[in-house]
Amino acid sequence: MKFSIVIHGAPWSSSASHSALRYAEALLECGHEIVRLFFYQDGASSGSSLCVPPQDEINIPEQWQVLINKHGIDAVVCAASALKRGILDAAEADRYEKNAHNLLPGFAVSGLGQLIDAAGQSDRVVSFVQ
Amino acid sequence: MPAMSQSQSPCSYLIIARSSPYGSQQARAALDIALTAAAFEQSVSIVFMDAGVLQLLKNQQADAAGMKNIGKVITALELYEVNSIMVHQEAVDKYDLDPSQFVQSVDVVTSEEIKTLIAGADQVMVL
């Protein structure tokens, strides 16, 4: 089946992002297709390249990046959600005259329309809220 | 926003809005998804349940909390042709409300009716 996954929760303060990551891995292992990952609201923080958790803890953004790049998954962070949380790609940093950008390679910044578009192409949309 | 691919037929969405209006950003997120789906000419229904029923109240003093008025966003749903705006009977009873207190007219639905709505929707999003 074709799945899209929506990640609403922040990587550290809720289990949403970690659970979604494990779920995505399981889907691919079972031979399903992931149409798109959509990182919404606090979920946008999963796209930060600047997270440095202690060494004995999982680095959730880095794990997402590995999965996304390994399987060529379409991964979108909601632009409005990302911008207000300080998750910027190079183009956004330039546009808003910020001195740094931190979106992990493999993630793209786009709008909520990408969620609707993904839903139209997917058999199931699974949301991880908290 | 990106163009929808031409081959896709419209989906039916059921948005279940069950968060209080200002305790988190979930309420606004549910409405944003409903409005975006409607803007892409999808068939959208929204049902307010649990604390989400509080989003419907008139005279929200959002400014006092430095927030945007959720009630005003709800009144925009019809303009965007969100087909059906509903509220869960149990939530109305639990919060001792009357539909006359809401920013606009809504259909009051039972748990059984919500079950049918969930079963009939292509996509269900709960926020």
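Per-structure values
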quantity: The stretch A:80-130, residues that are among the hydroxyl-bearing types (S, T, Y) and away from every other protein chain (no Cβ under 14 Å); calculated: A:Y96
quantity: Within the stretch B:25-55, considering residues that are in a strand (DSSP E or B) and away from chain A (no Cβ under 11 Å), the one surrounded by the fewest Cβ atoms within 10 Å (Cβ to Cβ); calculated: B:S43
quantity: Criterion (touching an Asp or Glu at 6+ places or on another chain (Cβ under 8 Å) and of a type in the set (G, A, S)) met by exactly one of A:S48, A:S81, A:S17, A:S4; calculated: A:S81
quantity: Single match in B:Y80, B:Y95 (criterion: of a type in the set (F, W, Y), free of Cβ contacts under 8 Å to residues at least 60 places away in the same chain and over 30 Å from A:F3 (Cβ atoms)); calculated: B:Y95
quantity: Strands (runs of 3 or more DSSP E) fully within the stretch A:53-130 counting 1 or more residues that are β-branched (V, I, T) and more than 11 Å from the chain's Cα centre (by Cα); calculated: A:124-128
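For (1) within 9 Å of the chain's Cα centre (by Cα); (2) aromatic (F, W, Y); (3) at pLDDT below 95, each residue gets a yes or a no:
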{"residue": "B:M4", "(1), (2), (3)": "no, no, yes"}
{"residue": "B:I16", "(1), (2), (3)": "yes, no, no"}
{"residue": "B:Q26", "(1), (2), (3)": "no, no, yes"}
{"residue": "B:V44", "(1), (2), (3)": "no, no, no"}
{"residue": "B:D50", "(1), (2), (3)": "no, no, no"}
{"residue": "B:N83", "(1), (2), (3)": "no, no, yes"}
{"residue": "B:F102", "(1), (2), (3)": "no, yes, no"}
{"residue": "B:S105", "(1), (2), (3)": "no, no, yes"}
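The values are calculated or read from the model by the stated rules, or taken from the named source; none is laboratory data. Here the structure is a predicted model, which is why all the values come from computation and not from measurement. Cβ coordinates were reconstructed from backbone atoms using ideal geometry, including for glycine residues, and neighbour counts include every protein chain displayed.
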